[in-house]
Amino acid sequence: MGILMIHGFTGSPSEFRRIGYELREEGYTIQAVRLPGHGTSPEEMMRTGWTDWYGHVLESYDELAKKCKNIVVMGHSMGGLLALKLAVERRTAGVVSIATPIFLASRKTVLAVLLQYFIKYIAKKPKRVSTLLDESCAYTKTPIRCVVSLRKLLKQVRKLLPQVEAPLWIGQGSKDAVVREESAAFVYERVRSKVKELNYYPESSHGLLLDQERERVYADIAEFILSLEVAYYGVKESGTALEG
């Protein structure tokens, strides 16, 4: 089984380094994408938009599908939006949605439509946890025009949620200062997935994969993916085939 990992807005594939290594040790084929304009410079990111980001996700999925029959798509933050959209347009074995924004905590993003004509970037607040700062490799400033594009993607995915039927795991930090907590419940309630799971982490911020409850998050995600592997391949936790 393959796992396609999609990082967040202004982030990089390094968000998945820890969990990626753990899942690879379990025998999964891991591919963490680097979205256009990310992992380089804010100036390069400013020349991109959601169609570029999603186009790269589609290409990455199709490439991984040549190697793996079944693919779980894992997305953090904006990556969760892209993963949910992908689940509507491609056959996915499951979706792992981590801190996916439906409702943003700051209302200032609404002003981005106007601000983009006056300023190019806005500085980001520093991270409160050292691993979030050291390992996320996110930009320290955000291109305003990309915020406008993010909001367009968000609105589109919100409308697509009733078309999502893939098994779904949702994780949300209760101390998330970027995404409002009710976003997770909104996704859970709107999708048509028969198999779906909603998990809250009371001590975690937006960076669930790198925050202090990360080991619990990794274990919960691994358990969900294992359940999909059993469903598709008939494999027990011991790795032996199920009878019948």
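Laid out as a table, the results:
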{"quantity": "Selection count where residues are over 16 Å from the mean Cα position of the chain (by Cα) and either surrounded by 17 or more Cβ atoms within 10 Å (Cβ to Cβ) or over 21 Å from SER149 (Cα atoms) (or both), scope region 40-79", "calculated": "14"}
{"quantity": "Checklist (1) over 21 Å from ILE225 (Cβ atoms); (2) in contact with a strand residue (DSSP E or B) (Cβ under 9 Å, 6 or more places away or on another chain) applied to TYR28, failing item", "calculated": "(1)"}
{"quantity": "GLY79 being in a loop (DSSP other than H, G, I, E, B) and within 23 Å of ALA219 (Cβ to Cβ)", "calculated": "no"}
{"quantity": "Residue in region 144-154 that is open to solvent by 10 Å² or more (accessible area, probe 1.4 Å) and not in a helix (DSSP H, G or I) present", "calculated": "no"}
{"quantity": "Residue within region 194-215 that is in a helix (DSSP H, G or I) and out of contact with any strand residue (DSSP E or B) (no Cβ under 6 Å at 6 or more places or on another chain) present", "calculated": "yes"}
{"quantity": "Residue check, ALA99 aliphatic (A, V, I, L, M) and open to solvent by 40 Å² or more (accessible area, probe 1.4 Å)", "calculated": "no"}
{"quantity": "Residue list for region 28-37, filter: under 16 Å from LEU58 (Cβ atoms) and open to solvent by less than 10 Å² (accessible area, probe 1.4 Å)", "calculated": "VAL33, LEU35"}
{"quantity": "Among the residues listed as GLU165, GLU203, GLU223, GLU182, the single one being in contact (Cβ under 8 Å) with a residue 24 or more places away in the chain, open to solvent by 50 Å² or more (accessible area, probe 1.4 Å), closer than 25 Å to MET1 by Cβ and not hydrophobic (A, V, I, L, M, F, W, C)", "calculated": "GLU165"}
{"quantity": "All positions within region 223-242 that are under 30 Å from LYS155 (Cα atoms) and modelled with pLDDT of 95 or more", "calculated": "PHE224, ILE225"}
{"quantity": "Any hit, region 192-199, residues being more than 23 Å from ARG24 (Cβ to Cβ) and crowded, with 16+ Cβ neighbours inside 10 Å", "calculated": "yes"}
{"quantity": "Criterion (crowded, with 22+ Cβ neighbours inside 10 Å and touching a Phe, Trp or Tyr at 6+ places or on another chain (Cβ under 6 Å)) met by exactly one of ILE19, ILE6", "calculated": "ILE19"}
{"quantity": "Test: residue in region 194-214 that is touching a Ser or Thr at 6+ places or on another chain (Cβ under 6 Å), at pLDDT below 85 and farther than 21 Å from LEU23 by Cα", "calculated": "no"}
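Yes or no, residue by residue, for (1) hydrophobic (A, V, I, L, M, F, W, C); (2) part of a helix (DSSP H, G or I); (3) touching a residue at least 12 places away in the same chain (Cβ under 8 Å):
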{"residue": "GLY8", "(1), (2), (3)": "no, no, yes"}
{"residue": "TYR21", "(1), (2), (3)": "no, yes, no"}
{"residue": "TYR54", "(1), (2), (3)": "no, yes, yes"}
{"residue": "LEU58", "(1), (2), (3)": "yes, yes, yes"}
{"residue": "TYR61", "(1), (2), (3)": "no, yes, yes"}
{"residue": "LEU64", "(1), (2), (3)": "yes, yes, yes"}
{"residue": "CYS68", "(1), (2), (3)": "yes, no, yes"}
{"residue": "GLY75", "(1), (2), (3)": "no, no, yes"}
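The values are calculated or read from the model by the stated rules, or taken from the named source; none is laboratory data. Owing to the predicted nature of the structure, the values given are computational and were not obtained by experimental measurement. Cβ: placed from backbone, ideal geometry, glycine included. Neighbour counts: every protein chain shown. Areas reflect the complete protein model, heavy atoms only, side chains present, ligands, DNA and RNA absent. Shrake-Rupley method; radii C 1.70, N 1.55, O 1.52, S 1.80 Å.
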